[in-house]
């Protein structure tokens, strides 16, 4: 246990977009699989059959809630693996049907994608010679549809546009994105990273026009280490992991039975509570946003509220480095995020803000408060007390 | 830099409950520095920070994820909070870019000194002050002492072989008032023994070597070749101008270098006496031609202002011309840029060695020490 100056004092967690607590329903559903029902579902005995029933039931449930057939859900280790499988594995499958004379092809993604998609696209481009086209966002944090249209030529084989931006919380115009891509790049496989969408949106509905959809369990109250890629309309992926051919040959490795079961239970609970939770959390978020705007000068709220999911408030704090603000807020008992941490934990200018046209200084001034179903009025009161103090101190 | 600390703080910084931010590179020295602070101040008064300085590839120094992990795990073990600060943009602007530009102009900058000047003891001090820390600590082998009148002194580390006062010689009163070097009074072997006693994972980690942002398999030549055009040049005799051979890249040759310069007709080794990048020419000569009676310094800094008597004349000093070089007697007086309008500070400084010394390459730093207190740094300057 590390010591902070006000250890023992109140702490308020505003980093639900990074990860949110395990829902009680998920924990309860997983416990039997972590204890007595331990078997590998691939075996030919009664213990395995019980494990197989558990994972098949979970998969059926996930498929139903995400708008897919049961055979069209690939269970993965999380959102990043689902994104990589979609981008790189989806590209390989799509390319198998392309004439060899068709050139190296092109892949399109928005410039504000999570690194799981951006880096998968870059790796794909390096590996295959495909041209990578990234599409900038508009000043509201939404993918610019005109730029997307410009990027979508007939040789595009895969397009990836996230459902909800993880830093800003902006919901992308997925129906318009799909229309644009279908019209201009009719052969393209269409992927969306819906990792930030599940707790707030009806993912089955909003992602309906998409062929491939990634989700991650721990973003909606499931366990870490579990995710899924949904396949629709006959879309296919080539495996990225060689091995025993599990997941219908699309993803080898002994399945994470408890993870799948916990993901299904969390998805069920998130779906059932979505309307009520969404309204309550949006009210908390708005109270936080309005209260901070009233107490702190020169704050800029990113994106329009009507475009954003309930759980995310992203602010740019003029004259403050978000890296310092996050550290000071931590000491003040507030867990928030600068939005763009690299593997070492360092914070850099946000590539999302840069993609909206901001310079490096402005792109280093963003802070994200993300709320979840466990957020409370007391959390917001605490933040309204401490955040203005921290900003005032850093601006002094 | 914010002036939150007065030049002569009246409080005793060692005992007033100040909170300290310790820069943890993931090496043994800063690990023990952190442990020492925790021992004297308590864990709640100490926070560790690892600086992310270089975004490119490297295999040494303090930038790799593995080093951050080591620092974080040591902090966990000591029970202190640990953060990572990304100063990569500042590092590129203040250390890497000038390093590359210096070499392109035939100079040989010292990136460690510029990192200390601009990152550890400017950017980090500023960040620490913003966050409410009274001091920044590092694992450097140097000591800060305080005279009865309150003046801070920068002293050599207790371990002469590991002394790092040379790379800190640019620090002044404002910085020294807020610096802690907790391992400066220990030898390296004592530091390692303490790390082992505490069971710190960094106890046997090798010392970092060379320039932290240059991978050893790429080397300085490869690093520079990726960033600036390198030009082949001629090697000429310093006195006669006779053509003696060729070098692959004049930008990679350093004044004072003898490697690759061959021998004269008398069989003695030749040394580089001058590098002229625009002319693509390297001048070489026998050992005595590589000696200099003195050097002119710019970017002059003083630990406690210019020595009394400098404005009007000449002051004795000891000059150390490289990180582990010997300090040699010299005198200093205002250089060609003379005395500033305030009549005290000097923009350039002439150093006259008591005995001629190997010429110091342009871009390198000369640290000056006090002949009456040979462990005490007077100031520093960069060879013009």
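The values are calculated or read from the model by the stated rules, or taken from the named source; none is laboratory data. Everything numeric here is computed off the predicted structure, so don't read it as measured data. Using ideal geometry, Cβ is built from the backbone for each residue, glycine included, and neighbour counts are taken over all protein chains shown.
Could you check residue B:183 against (1) assigned to a loop (DSSP other than H, G, I, E, B); (2) out of contact with any helix residue (DSSP H, G or I) (no Cβ under 6 Å at 6 or more places or on another chain); (3) assigned by TED's automatic domain parsing to the domain that holds residue B:125 and say which number it fails?
(2)
Would you please list the contacts, defined by Cβ atoms under 7 Å and residues six or more apart or on different chains, that run from a residue in segment B:63-75 that is more than 15 Å from residue B:203 (Cβ to Cβ) to a residue that is modelled with pLDDT of 80 or more and assigned to a helix (DSSP H, G or I)?
Matching pairs, first to second residue: B:75/B:34.
Residue by residue, here is whether (1) in a loop (DSSP other than H, G, I, E, B); (2) surrounded by 20 or more Cβ atoms within 10 Å (Cβ to Cβ); (3) in the same structural domain as residue A:231 (by TED's automatic domain parsing) holds:
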site: A:68; (1), (2), (3): yes, yes, yes
site: A:84; (1), (2), (3): no, yes, yes
site: A:94; (1), (2), (3): no, yes, yes
site: A:98; (1), (2), (3): yes, no, yes
site: A:109; (1), (2), (3): no, yes, yes
site: A:112; (1), (2), (3): yes, yes, yes
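Out of all the residues in segment A:356-372, which are in a loop (DSSP other than H, G, I, E, B), at pLDDT below 90 and either closer than 30 Å to residue A:24 by Cα or facing chain B (nearest Cβ under 10 Å) (or both)?
A:364
Let's see how each residue does on (1) within 14 Å of chain B (Cβ to nearest Cβ); (2) surrounded by fewer than 19 Cβ atoms within 10 Å (Cβ to Cβ):
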residue: A:302; (1), (2): no, no
residue: A:307; (1), (2): no, yes
residue: A:324; (1), (2): yes, no
residue: A:347; (1), (2): yes, no
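Somewhere in segment A:1-15, is a residue within 14 Å of another protein chain (Cβ to nearest Cβ) and part of a strand (DSSP E or B)? Give the steps one after another, and end with the answer.
First, the residues of segment A:1-15 that are within 14 Å of another protein chain (Cβ to nearest Cβ): A:1-9, A:11.
If we keep only those that are part of a strand (DSSP E or B) too, we end up with A:3.
Yes, there is a match, as at least one residue in segment A:1-15 is within 14 Å of another protein chain (Cβ to nearest Cβ) and part of a strand (DSSP E or B).
Against the conditions (1) under 30 Å from residue B:27 (Cβ atoms); (2) in contact with a helix residue (DSSP H, G or I) (Cβ under 6 Å, 6 or more places away or on another chain); (3) surrounded by 16 or more Cβ atoms within 10 Å (Cβ to Cβ), where does residue B:238 fall short? Just the number, please.
(1)
What number of residues within segment B:85-98 are out of contact with any strand residue (DSSP E or B) (no Cβ under 9 Å at 6 or more places or on another chain) and without any contact (Cβ under 8 Å) to a residue 40 or more places away in the chain? Steps first, please.
Quick first cut of segment B:85-98, residues out of contact with any strand residue (DSSP E or B) (no Cβ under 9 Å at 6 or more places or on another chain) only: B:89-90, B:92-98.
Those left that are additionally without any contact (Cβ under 8 Å) to a residue 40 or more places away in the chain: B:89-90, B:92-94, B:97-98.
Qualifying residue count for the region: 7.
Residue-by-condition table, conditions (1) within 14 Å of chain B (Cβ to nearest Cβ); (2) modelled with pLDDT under 85; (3) buried (at least 18 other Cβ atoms within 10 Å of the Cβ); (4) over 24 Å from the mean Cα position of the chain (by Cα):
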position: A:344; (1), (2), (3), (4): yes, yes, yes, no
position: A:354; (1), (2), (3), (4): yes, no, yes, no
position: A:374; (1), (2), (3), (4): no, no, no, no
position: A:377; (1), (2), (3), (4): no, no, no, yes
position: A:387; (1), (2), (3), (4): no, no, yes, yes
position: A:393; (1), (2), (3), (4): yes, no, no, yes
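What tally of residues in segment A:235-260 results from selecting those that are in contact with a helix residue (DSSP H, G or I) (Cβ under 6 Å, 6 or more places away or on another chain) and surrounded by fewer than 17 Cβ atoms within 10 Å (Cβ to Cβ)?
To start, the set of residues in segment A:235-260 that are in contact with a helix residue (DSSP H, G or I) (Cβ under 6 Å, 6 or more places away or on another chain) comprises A:236-238, A:240, A:255, A:257-258, A:260.
With the extra rule that they be surrounded by fewer than 17 Cβ atoms within 10 Å (Cβ to Cβ), the set shrinks to A:238.
Matching residues across segment A:235-260 total 1.
Just one of B:331, B:314, B:299 is under 20 Å from residue B:355 (Cα atoms), modelled with pLDDT under 95 and either surrounded by 15 or more Cβ atoms within 10 Å (Cβ to Cβ) or over 19 Å from the mean Cα position of the chain (by Cα) (or both); which is it? First the steps, then the outcome.
Values: B:331 fails: modelled with pLDDT under 95; B:299 fails: under 20 Å from residue B:355 (Cα atoms).
Of the residues listed, the single one that is under 20 Å from residue B:355 (Cα atoms), modelled with pLDDT under 95 and either surrounded by 15 or more Cβ atoms within 10 Å (Cβ to Cβ) or over 19 Å from the mean Cα position of the chain (by Cα) (or both) is B:314.
Could you tell me whether segment B:164-187 includes any residue that is closer than 28 Å to residue B:220 by Cα, without any contact (Cβ under 8 Å) to a residue 60 or more places away in the chain and more than 14 Å from chain A (Cβ to nearest Cβ)?
Step one: list which residues in segment B:164-187 are closer than 28 Å to residue B:220 by Cα, which gives B:164-171.
Narrowing further to those that are without any contact (Cβ under 8 Å) to a residue 60 or more places away in the chain: none.
No; the residues of segment B:164-187 include none that is closer than 28 Å to residue B:220 by Cα, without any contact (Cβ under 8 Å) to a residue 60 or more places away in the chain and more than 14 Å from chain A (Cβ to nearest Cβ).
Take residues that are farther than 24 Å from residue A:89 by Cβ and tell me which of the strands (runs of 3 or more DSSP E) falling wholly in segment A:215-331 contain 2 or more. Even if it seems obvious, please write down each step before you answer.
Numbers: elements: A:227-231, A:299-301, A:312-317.
Here the list reads A:299-301, A:312-317.
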